[in-house]
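Please treat every number below as a calculation from the coordinates, not as lab data. Quick caveat: nothing in here was measured; it's all calculated off a predicted structure. Every residue, glycine as well, gets a Cβ built from its backbone with ideal geometry; the counts of neighbours run over all protein chains shown.
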Amino acid sequence: MAISTGDRAPDFTLPGTGGRNYSLSDYAGRPVVVVFYPGDDTAVCTKQLTSYSNELSAFEDVGAQVLAISAQDVESHEKFAAKHGFGFPLLADTDKAVATKYGTV
């Protein structure tokens, strides 16, 4: 199932960096940038997430929250985020249930 522009984004709750769970509904009424990426510490994904991190102030200027999601576990995400200093949470969708809801698998 893929979602299209204008569709209501499927809600989710996933564990993430910072030792907490994140739900899309936590950000109701705010813009949210949901980024799906294939894997921690791969060249392309590192470049992709670094570009979001480098431009984080532009997202913050419009009140937007960036949430990055991949199938690795939280431990892997914590290492990846610490290594690159990402200023947004990385969420663990280990069974790819959220990615499936969004049509990215």
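Here are some notes:
- The stretch 28-45, subset in a helix (DSSP H, G or I) and more than 13 Å from the chain's Cα centre (by Cα), residue surrounded by the fewest Cβ atoms within 10 Å (Cβ to Cβ): A43
- Y22 vs. criteria among the aromatic types (F, W, Y), surrounded by 15 or more Cβ atoms within 10 Å (Cβ to Cβ) and in contact with a helix residue (DSSP H, G or I) (Cβ under 9 Å, 6 or more places away or on another chain): no
- Selection status of A2, assigned to a loop (DSSP other than H, G, I, E, B) and in contact (Cβ under 8 Å) with a residue 60 or more places away in the chain: yes
- Cβ-Cβ under 9 Å pairs, at least 6 apart or on other chains, the stretch 56-75 side assigned to a strand (DSSP E or B), far side surrounded by 15 or more Cβ atoms within 10 Å (Cβ to Cβ) and of a type in the set (D, E, K, R): I69/D93; S70/D40; S70/D93
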